[in-house]
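Working notes, structure below.
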Amino acid sequence: HGLTGGTSVAAGFIHRLGWKSDGTVVAWGDNGDGETTLPSGLTGVTAIAAGGWHSLALTSEGTVIGWGLTHWGQASPPAALTTNGRAT
């Protein structure tokens, strides 16, 4: 597989993310806890990060969005880092 138009990649324990120059994100690998199920409407991304079983994206609006395993809140950014209730 290849990632075209890629700007950055991030690696979690069992999944990977690719951030593309058009502000979109692609994900691949294990999806046992939603690691590769991207949040609906995830656009305008300016940075990505992958943890063990969770991921985070920063949007051009300054919103931090998380997804994946969140047993300890790691994929649920604090309200101060979200807008319009988009934390996950």
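Of the residues making up region 9-26, those that are assigned to a strand (DSSP E or B), surrounded by 15 or more Cβ atoms within 10 Å (Cβ to Cβ) and in contact with a Phe, Trp or Tyr (Cβ under 9 Å, 6 or more places away or on another chain) are ALA10, HIS15, ARG16, LEU17, GLY18, VAL25, VAL26. The set of residues in region 29-85 that are part of a loop (DSSP other than H, G, I, E, B) and in contact with an Asp or Glu (Cβ under 7 Å, 6 or more places away or on another chain) comprises GLY44, TRP53, LEU69, THR83.
For beta carbons closer than 8 Å, sequence separation of 6+ or different chains, a first residue in region 5-31 that is under 13 Å from LEU42 (Cα atoms) and a second that is among the acidic types (Asp, Glu), the qualifying pairs are ALA27/GLU35. Being in contact with a helix residue (DSSP H, G or I) (Cβ under 6 Å, 6 or more places away or on another chain) and at pLDDT below 95, is that true of even one residue in region 58-70? Scanning region 58-70, I find at least one residue that is in contact with a helix residue (DSSP H, G or I) (Cβ under 6 Å, 6 or more places away or on another chain) and at pLDDT below 95, so the answer is yes.
Counting the residues of region 61-75 that are among the hydroxyl-bearing types (Ser, Thr, Tyr) and open to solvent by less than 50 Å² (accessible area, probe 1.4 Å) gives 1.
Filtered by the rule that a residue be open to solvent by 40 Å² or more (accessible area, probe 1.4 Å) and touching a residue at least 40 places away in the same chain (Cβ under 8 Å), region 42-60 gives a lone residue, TRP53.
The values are calculated or read from the model by the stated rules, or taken from the named source; none is laboratory data. Given the structure is predicted, the values throughout are model-derived calculations rather than measurements. Virtual Cβ from ideal backbone geometry, glycine too; neighbours counted across all protein chains shown. Note: areas computed on protein heavy atoms with side chains; ligands, DNA, RNA excluded. Shrake-Rupley method; radii C 1.70, N 1.55, O 1.52, S 1.80 Å.
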